[in-house]
Amino acid sequence: MDPKELRLNLPNIPRAALVGAGIFVILAGTLVGAVAARAAKFQNKILPGVTILEIPIGGLTPEEARAAVQKRADEILGRGIIFSADGQMTTLSPTTISPNDPDLSVELVKYDIAGMVERGLAFGRRKNSLESWLEMTATFVSRKIPVTPQYQVNKEALLLFLKNEFGDLETPVKEAGLSATAGEEGLRYTATDPRPGRTLFYEAAVNALTEQIKRGSLAPIAIALTPVEPNITRSEAAALIPEAERFVRTAATTTVAVGRNEWTVKNEELSLWVTVEESDGRARLAFDRTKIDAFLDPIAKEVEVLPRDAKFKIQNGKVVEFQGSRQGLRIDREATRRALEETWIMRGGGKVELVTEKTEPNVATGDVNDLGIKEILGVGRSNFSGSPRNRVKNIRNGMTKLNGILIKPGEEFSLLNALKPFTVEGGYLPELVIKGDKIIPELGGGLCQIGTTTFRMAMNAGMSITERQNHSLVVRYYNDKNGNPGTDATIYEPSPDFKFVNDTGAHLLITTEMNETTGDLAFTLWGTSDGRVGSYSKPVVLRWIKAPDPKETPTTDLPPGERKCDVPHPGADASFTYTVELPDGSKKETVYTSHYRALAQVCLVGVPPDQIPPTPDSNPVAVDTGVTANANVPAQ
């Protein structure tokens, strides 16, 4: 074709548009080249502009970023968390400390450093190439690309701490009621005055803390102390006096029975139980729950039975039962109270059947020959040498509870559930713990020895681990054979827990051994192998962190001049790899990275009450309760 004809066939495009398109192509090509060059330059580093907790981590390797972000997180949390209410103030360390037993040291608040750095490293490196290109391009025009903070707040433990710390400021609301007095004409009732109460919104305070952790900046938190108005007036209670006195005059003797056992309640005693409560918006006669409980407590000791799981052991190569399962029985106290009210108030007395309900064991006795347990899948070991007396007793108690437990196919095993209840009646002894400026006893020291040994057992058996958290401090009891920390697992009621899933398709059995002379603890997981092989590498310490300078905290829990000190704790970042080799030859690897806080030695020093420092001169964050001052709301 003649070139002249080609020119004639071209669209009539303005010259400026052609020039602009050419410039665009050139710029686009330049940007693509720049993006490619930046991707190559930062191949193993985080892209420019990325920030975590307000600090830039662009250009850092993942290891360098973890160290920098951890330092920033320690700065944020190291100052402590200040809570105040009605002029009373406490500073809570994010990590609670036990001078005698490190198992009772628990992190109440922590940042997920590894998770945040992983997100930062992923920026500009998505599976979607267009998304990656757009993110990479953004690093040329934005100097600040924040990573959303990831964190953990132990809400249950924080709520318990706040209730223990400020509970004395609360007063329960007192409803108008009836008071019984004996006179010449018999028992007479008079109406009592109601009294407003005060409640603290603990949950709102924890939510406020969570928002601060999310922002990466802590400020004092003022907990709202809110009045709670009664529901029942004196006149409403007085209107029920004729009805109550009529019952007292006409009621027959009441008995509470279960089976052949009976307990008699005289009318004189029943009449003192009478109170007034609100039901469906109106006042009615009822029985005082606290007095009902006081009556039922000794009955419960005779009647109630805890459920008991079946326990098993290996004997001559076979699984045999050494403890049969047993149903439990407990009193339904609310249903029993309603039955008493109906019998006495509605029918004038008589016989009341104690309302009970059965509770089932987790593991019932079955045909042990069909469980399919025939070989050792994995063994976990640890050493508790040098532990104080109460710690050793708690380890023995926990080990005994764990010994013989059966785990069904598909079941998620919870170590906390296996070791409950964490009470003196459950066999556990207390140790002292420093929380804020208080020294309080807590139960269950030594249980992280159980957690760590179970964790190692589960890894050596190749189990699918669904929940594990390292201890907050470096503890010598849990250092591995090479002397390094990293392969421990902490448990603390109500959280964290240690869990794994039985995905072998057959039953599993845990057996335990304890040598108090050598301090050795060994747990064995039995079952039927599906060919998997579990193992874990020796932990490596990525860096050691020096403990900060010692701190002193005044307290009224000790006599003036007396000191109670814990020990300084150097911190560390450690890592190891958990590997499961599957029957098809493939491998599944999980890298566990653990951060252990560096904590200064804390000494509580006894001072007179008038020497406790006042609340710091700062502007506390008022907690928004979402209710008006006179709203009738229950305590959180």
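The values are calculated or read from the model by the stated rules, or taken from the named source; none is laboratory data. In this text, all values refer to a predicted model and were calculated from it rather than measured experimentally. Counting neighbours? That spans all protein chains shown, and the Cβs are built from the backbone with ideal geometry, glycine included.
Yes or no: residue 389 outside the structural domain of residue 263 (by TED's automatic domain parsing) and of a type outside the set (Gly, Ala, Ser)?
Yes: the conditions hold for residue 389.
Among the residues that make up the range 63-73, is at least one of them in the same structural domain as residue 140 (by TED's automatic domain parsing), at pLDDT below 90, closer than 21 Å to residue 542 by Cα and in contact with a His (Cβ under 7 Å, 6 or more places away or on another chain)?
For the range 63-73, residues in the same structural domain as residue 140 (by TED's automatic domain parsing), at pLDDT below 90, closer than 21 Å to residue 542 by Cα and in contact with a His (Cβ under 7 Å, 6 or more places away or on another chain): present.
So, of the residues in the range 551-585 that are closer than 30 Å to residue 91 by Cβ and in contact with a helix residue (DSSP H, G or I) (Cβ under 9 Å, 6 or more places away or on another chain), which turns out to be surrounded by the most Cβ atoms within 10 Å (Cβ to Cβ)?
Once the filter is applied, the top-ranked residue is 569.
Yes/no per residue for (1) in a strand (DSSP E or B); (2) not assigned by TED's automatic domain parsing to the domain that holds residue 475:
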| site | (1), (2) |
| --- | --- |
| 521 | yes, no |
| 525 | yes, no |
| 531 | no, no |
| 549 | no, yes |
| 558 | no, yes |
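Is there any pair linking a residue in the range 104-131 that is touching a residue at least 12 places away in the same chain (Cβ under 8 Å) and buried (at least 19 other Cβ atoms within 10 Å of the Cβ) to one that is in a helix (DSSP H, G or I) and among the aromatic types (Phe, Trp, Tyr), with Cβ under 8 Å and at least six apart or on different chains, and which?
Correct list of pairs: 108/161.
Can you tell me how many residues in the range 254-286 are touching a strand residue (DSSP E or B) at 6+ places or on another chain (Cβ under 7 Å) and either surrounded by fewer than 17 Cβ atoms within 10 Å (Cβ to Cβ) or assigned to a strand (DSSP E or B) (or both)?
Of the residues in the range 254-286, 18 are touching a strand residue (DSSP E or B) at 6+ places or on another chain (Cβ under 7 Å) and either surrounded by fewer than 17 Cβ atoms within 10 Å (Cβ to Cβ) or assigned to a strand (DSSP E or B) (or both).
Here is a yes/no grid of residues against (1) under 17 Å from residue 224 (Cα atoms); (2) at pLDDT 95 or above:
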| residue | (1), (2) |
| --- | --- |
| 141 | no, no |
| 155 | no, no |
| 164 | yes, no |
| 167 | yes, no |
| 182 | no, no |
| 186 | no, no |
| 196 | yes, yes |
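So residue 382 clears everything in (1) modelled with pLDDT of 80 or more; (2) surrounded by 16 or more Cβ atoms within 10 Å (Cβ to Cβ); (3) part of a loop (DSSP other than H, G, I, E, B); (4) small (Gly, Ala, Ser) except one condition, right? Which one?
Among (1) modelled with pLDDT of 80 or more; (2) surrounded by 16 or more Cβ atoms within 10 Å (Cβ to Cβ); (3) part of a loop (DSSP other than H, G, I, E, B); (4) small (Gly, Ala, Ser), the lone unmet condition for residue 382 is (3).
Only one residue in 157, 176 is hydrophobic (A, V, I, L, M, F, W, C) and either exposed (fewer than 15 other Cβ atoms within 10 Å of the Cβ) or not in a loop (DSSP other than H, G, I, E, B) (or both), so which one is that?
None of the others qualify; the one that does is 157.
Could you list all residues from the range 160-173 that are under 25 Å from the mean Cα position of the chain (by Cα) and crowded, with 17+ Cβ neighbours inside 10 Å?
161, 162, 165, 166, 170
Output yes when any residue across the range 334-344 is on the phi < 0 side of the Ramachandran plot, buried (at least 16 other Cβ atoms within 10 Å of the Cβ) and not in a helix (DSSP H, G or I), and no when none is. Before the answer, list the steps.
From the range 334-344, those on the phi < 0 side of the Ramachandran plot are 334-344; that's our starting set.
Next, from what is left, pick out any that are buried (at least 16 other Cβ atoms within 10 Å of the Cβ): 336-337, 339-341, 343-344.
Filter once more, so that each one left must be not in a helix (DSSP H, G or I): none.
The answer is no; no qualifying residue exists.
Is it true that residue 290 is of a type outside the set (A, V, I, L, M) and in contact (Cβ under 8 Å) with a residue 40 or more places away in the chain?
It is false that residue 290 is of a type outside the set (A, V, I, L, M) and in contact (Cβ under 8 Å) with a residue 40 or more places away in the chain.
Can you find, within the range 74-87, the residue that is surrounded by the fewest Cβ atoms within 10 Å (Cβ to Cβ) among those that are at pLDDT 90 or above and of a type outside the set (Val, Ile, Thr)?
Taking the candidates together, the pick is 86.
Among what's in the range 179-236 and is in contact with a Phe, Trp or Tyr (Cβ under 8 Å, 6 or more places away or on another chain) and in a loop (DSSP other than H, G, I, E, B), pick the residue that is nearest to residue 279 (Cα to Cα).
Residue satisfying both the conditions and the ranking: 224.
Which of the following residues is closer than 23 Å to residue 524 by Cα, outside the structural domain of residue 519 (by TED's automatic domain parsing) and not polar (S, T, N, Q): 322, 384?
322
State yes or no: is residue 105 at pLDDT below 85 and under 24 Å from the mean Cα position of the chain (by Cα)?
On the way: at pLDDT below 85: yes; under 24 Å from the mean Cα position of the chain (by Cα): yes.
In short, yes.
Any chance you could count how many residues in the range 237-253 are crowded, with 18+ Cβ neighbours inside 10 Å and either in a helix (DSSP H, G or I) or β-branched (Val, Ile, Thr) (or both)? Break it down stepwise before answering.
Step one: list which residues in the range 237-253 are crowded, with 18+ Cβ neighbours inside 10 Å, which gives 237, 240, 244-245, 247-248, 251.
So of that shortlist, the ones also either in a helix (DSSP H, G or I) or β-branched (Val, Ile, Thr) (or both) come out as 237, 244-245, 247-248.
So the count comes out to 5.
When you check residue 589 against the structure, is it within 19 Å of residue 114 (Cα to Cα), modelled with pLDDT of 90 or more and among the acidic types (Asp, Glu), yes or no? Show your work before the answer.
Working: within 19 Å of residue 114 (Cα to Cα): yes; modelled with pLDDT of 90 or more: yes; among the acidic types (Asp, Glu): yes.
Considered against the rule, which asks whether it is within 19 Å of residue 114 (Cα to Cα), modelled with pLDDT of 90 or more and among the acidic types (Asp, Glu), residue 589 comes out as yes.
Would you tally the residues in the range 586-606 being of a type in the set (Lys, Arg) and surrounded by 14 or more Cβ atoms within 10 Å (Cβ to Cβ)?
Looking only at that region, the number is 1.
Taking the range 292-329 only, how many residues are surrounded by 14 or more Cβ atoms within 10 Å (Cβ to Cβ), of a type in the set (D, E, K, R) and modelled with pLDDT under 90?
6
Taking the range 304-333 only, how many residues are part of a strand (DSSP E or B) and free of Cβ contacts under 8 Å to residues at least 40 places away in the same chain?
Kept after step one, since they are part of a strand (DSSP E or B), are these residues of the range 304-333: 305, 308, 311-315, 318-323, 326, 328-331.
Pick out the ones that are also free of Cβ contacts under 8 Å to residues at least 40 places away in the same chain and you get 305, 315, 326, 328-331.
Within the range 304-333, residues that are part of a strand (DSSP E or B) and free of Cβ contacts under 8 Å to residues at least 40 places away in the same chain number 7.
Do you know which residues across the range 293-302 are closer than 26 Å to residue 345 by Cβ and either without any contact (Cβ under 8 Å) to a residue 12 or more places away in the chain or over 33 Å from the mean Cα position of the chain (by Cα) (or both)? Full working, then the answer.
Of the range 293-302, the ones closer than 26 Å to residue 345 by Cβ are 293-300.
Selection gives 294, 295, 297, 298, 299.
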